[in-house]
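As structure tokens, the structure follows; a few thoughts come after it.
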Amino acid sequence: MEWGMANRMHRMFQPVSGNSVMVAVDHGYFMGPTRRLENTRATIAPLLPYADALGVTRGILRHAVDPTSTTPILLRVSGGVTVLKEDLSHEAITTSIEDAARLNVCAVAMSVFVGAQYEHESLVHLSNLIDAGEEHGIPVMAITAVGKELEKRDARYLALACRVSAELGARMVKTYFCENFAKVVEGCPVPIVCAGGPKLDTDRAALELAHGAIEAGAHGLDMGRNIWQSDHPVAMLKALRSIVHEKATVREALEVLDGEKARLATSKRAVEA
């Protein structure tokens, strides 16, 4: 791996744990102003110090992230369809690798829709993006998207999607947690980071998902709604970090979460007084 490529990868994955806690805030590219992302700058700002990487589009990067930030950027570069369409798989590359280089990002990411109507186009777009990324020393993350067909999130399907992405040259893969997740990880020769998916009913459920993913061999998380739609997003992010980087149990992570909540409540009372 060339120095530039290796440097970008190592900036996103902590050297001691070898893992990463990525915060995804790119949902607006197909969902519009998602709840609690209406004012993206306000949502992002308190999370930046605790994120190992931030997943954004170029529009949000330019308008909602201060250029003095040192948080590594994972740039979403695919799109072209919205939730108004039944089939979300008709995506293409919407941001050039040259613009990604100008923005000084650590990596670029795109969705791949294995088994969908536009599977062929999706995988060819991934291959072309990887070619461009390798030329510029920018790693590519393949995101194993399933559109609106959530029932496809099983180990057999996800193992196929992850392995195909890695075979085409993706440096890392983002996928969903599922039963027998270890089989998905085992069959993928590049680092897997686990997606949070839709907002879960409780913070505990999100922490349990994170713990299960790390125990199964994932190299981190790439979560969005389960962080910034939490009532205590910074506390939630810190609790997730304890699992990913310190191998905390769910109980220990809940103690981190509760401790942060108590500290924030104390600070708020002090300010009000």
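The values are calculated or read from the model by the stated rules, or taken from the named source; none is laboratory data. Please read all numbers here as calculations on a predicted model, not as lab measurements. Glycine gets a Cβ as well: all are built from the backbone with ideal geometry, and neighbour counts include every protein chain shown.
Key figures
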{"item": "Top-ranked residue of the range 223-232 - restricted to ones that are surrounded by fewer than 24 Cβ atoms within 10 Å (Cβ to Cβ) and touching a Lys or Arg at 6+ places or on another chain (Cβ under 8 Å), ranked as nearest to Met110 (Cα to Cα)", "result": "Arg225"}
{"item": "Ala100 vs. criteria modelled with pLDDT under 95 and either over 30 Å from Asp66 (Cα atoms) or among the hydrophobic types (A, V, I, L, M, F, W, C) (or both)", "result": "no"}
{"item": "Considering residues of the range 45-54 that are part of a helix (DSSP H, G or I) and of a type outside the set (Ser, Thr, Tyr) only, the residue farthest from the chain's Cα centre (by Cα)", "result": "Pro49"}
{"item": "Every residue from the range 95-108 that is surrounded by fewer than 15 Cβ atoms within 10 Å (Cβ to Cβ) and either touching a Phe, Trp or Tyr at 6+ places or on another chain (Cβ under 7 Å) or assigned to a loop (DSSP other than H, G, I, E, B) (or both)", "result": "Ser96, Asn104"}
{"item": "Sole residue being over 19 Å from Val190 (Cβ atoms), among the hydrophobic types (A, V, I, L, M, F, W, C) and without any contact (Cβ under 8 Å) to a residue 12 or more places away in the chain, chosen from Val81, Val124", "result": "Val124"}
{"item": "Among residues of the range 38-63, those that are of a type in the set (A, V, I, L, M) and closer than 13 Å to Gly28 by Cα, counted", "result": "3"}
{"item": "Every residue from the range 151-197 that is of a type in the set (D, E, K, R) and either surrounded by fewer than 22 Cβ atoms within 10 Å (Cβ to Cβ) or farther than 27 Å from Leu257 by Cα (or both)", "result": "Glu151, Lys152, Arg153, Asp154, Arg156, Arg163, Glu167, Arg171, Glu179, Lys183, Glu186"}
{"item": "Selected residue (criterion: farthest from Ala265 (Cα to Cα)) from residues of the range 215-227 that are under 13 Å from the mean Cα position of the chain (by Cα) and among the hydrophobic types (A, V, I, L, M, F, W, C)", "result": "Ala218"}
{"item": "Leu200 surrounded by fewer than 21 Cβ atoms within 10 Å (Cβ to Cβ), within 19 Å of Trp228 (Cα to Cα) and touching a residue at least 24 places away in the same chain (Cβ under 8 Å)", "result": "yes"}
{"item": "Every residue from the range 245-264 that is touching a helix residue (DSSP H, G or I) at 6+ places or on another chain (Cβ under 6 Å) and modelled with pLDDT of 95 or more", "result": "Ala248, Val250, Ala253, Val256, Leu257"}
{"item": "Every residue from the range 8-44 that is in a loop (DSSP other than H, G, I, E, B) and either surrounded by fewer than 14 Cβ atoms within 10 Å (Cβ to Cβ) or free of Cβ contacts under 8 Å to residues at least 12 places away in the same chain (or both)", "result": "Pro15, Val16, Gly18, Gly32, Pro33, Arg35, Glu38, Asn39"}
{"item": "Those residues of the range 203-221 which are within 17 Å of Ala253 (Cα to Cα) and either touching a helix residue (DSSP H, G or I) at 6+ places or on another chain (Cβ under 6 Å) or surrounded by 18 or more Cβ atoms within 10 Å (Cβ to Cβ) (or both), in sequence order", "result": "Asp203, Ala206, Leu207, Glu208, Leu209, Ala210, His211, Gly212, Ala213, Ile214, Gly220, Leu221"}
{"item": "Residue match in the range 142-152 (condition: among the hydrophobic types (A, V, I, L, M, F, W, C), touching a residue at least 24 places away in the same chain (Cβ under 8 Å), assigned to a strand (DSSP E or B) and in contact with a Gly (Cβ under 7 Å, 6 or more places away or on another chain))", "result": "no"}
{"item": "Per-region count, the range 213-245, residues among the acidic types (Asp, Glu) and in contact (Cβ under 8 Å) with a residue 60 or more places away in the chain", "result": "1"}
{"item": "Set Ser122, Ser78: member being buried (at least 22 other Cβ atoms within 10 Å of the Cβ) and touching an Asp or Glu at 6+ places or on another chain (Cβ under 6 Å)", "result": "Ser78"}
